[in-house]
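Right, one structure below, let's go through it.
The values are calculated or read from the model by the stated rules, or taken from the named source; none is laboratory data. This structure is a prediction, so every number in the text was calculated from the model and none was measured. When we count neighbours, we look across all protein chains shown, and the Cβ atoms used for this are built from the backbone with ideal geometry, even at glycine.
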Ligand SMILES: [Zn+2]
Ligand SMILES: [Zn+2]
């Protein structure tokens, strides 16, 4: 949402080892991304000083109060070497505006190729939820596991979309029990337990091959692939409607035809 430039000016006349600094900056950006404080398309530019160009979900995402232990450690090393100056560059139109709801009744977990925003979407306002606002998964000190799943999903989606359309990538996206979807559902279920509200795991549709629809009144509702019951339509906004199974916590986009 917010595009920022983080300029680093060497403190006093300290000399720094360039390759060590570049490794430190790479690590700093990686752990910031793992914690959801920046999105994954960041850049390091060297002119007179180092400048880090990042997209943050919210205006205050770089605030120390959200730091994971890894970010804290890297930030300390950076501030020992550099004076840090953050500048707002405007709105990154490739990224969405983020959820500010006080309470959320449900969340949907979904992503797609080239989508670098949070995988969690608030079902009350339809906007993505910043990862660092959510509880941590078991044995984790940041959201790295969720980011890894996001990258794997995007890569599979891209491979399928870029013309392979093969059985393997198709199956990974559509079958609720595929290795990719199992991993995602495990994350969604754990998040749901931690939050105390449903986290629906979004499934891709294959437009009628395996994914079933049933006509109810003048609507075509999805049939849950896990329990076989007819799903319920949830209207998040006029443009954003999903079919959900409350029991199995699965969701589909509503067919646009
Ligand atoms: Zn919201
Ligand atoms: Zn079900």
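Quick check on residue 74: is it touching a helix residue (DSSP H, G or I) at 6+ places or on another chain (Cβ under 8 Å) and farther than 30 Å from residue 203 by Cβ? Yes.
Being within 16 Å of ligand 2 (Cβ to nearest atom) and surrounded by 18 or more Cβ atoms within 10 Å (Cβ to Cβ) holds for only one residue in 174, 223, and it is 174. What's the number of the only condition in (1) surrounded by fewer than 14 Cβ atoms within 10 Å (Cβ to Cβ); (2) within 20 Å of residue 160 (Cα to Cα); (3) away from ligand 2 (no atom under 16 Å from the Cβ) that residue 210 fails to meet? So residue 210 meets the others, but not (3).
Inside segment 112-124, can you point out the residues that are touching a helix residue (DSSP H, G or I) at 6+ places or on another chain (Cβ under 9 Å) and surrounded by fewer than 23 Cβ atoms within 10 Å (Cβ to Cβ)? Passing the criteria: 112, 113, 114, 115, 116. Within the option set 85, 123, being within 25 Å of residue 17 (Cα to Cα) and either within 13 Å of ligand 1 (Cβ to nearest atom) or more than 19 Å from the chain's Cα centre (by Cα) (or both) holds for one residue only, 85.
Table: residues versus (1) assigned by TED's automatic domain parsing to the domain that holds residue 245; (2) outside any loop (DSSP other than H, G, I, E, B).
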residue	(1), (2)
75	no, yes
80	no, yes
85	no, yes
99	no, no
112	yes, no
115	yes, no
124	yes, no
149	yes, yes
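Considering the conditions (1) under 27 Å from residue 125 (Cβ atoms); (2) part of a loop (DSSP other than H, G, I, E, B), residue 89 is excluded by exactly one of them, (2). Restricting 194, 162 to residues that are part of a helix (DSSP H, G or I) and closer than 16 Å to residue 131 by Cα narrows the list to 194.
Residues that are in contact with a strand residue (DSSP E or B) (Cβ under 8 Å, 6 or more places away or on another chain) and in a loop (DSSP other than H, G, I, E, B) do occur in segment 133-145.
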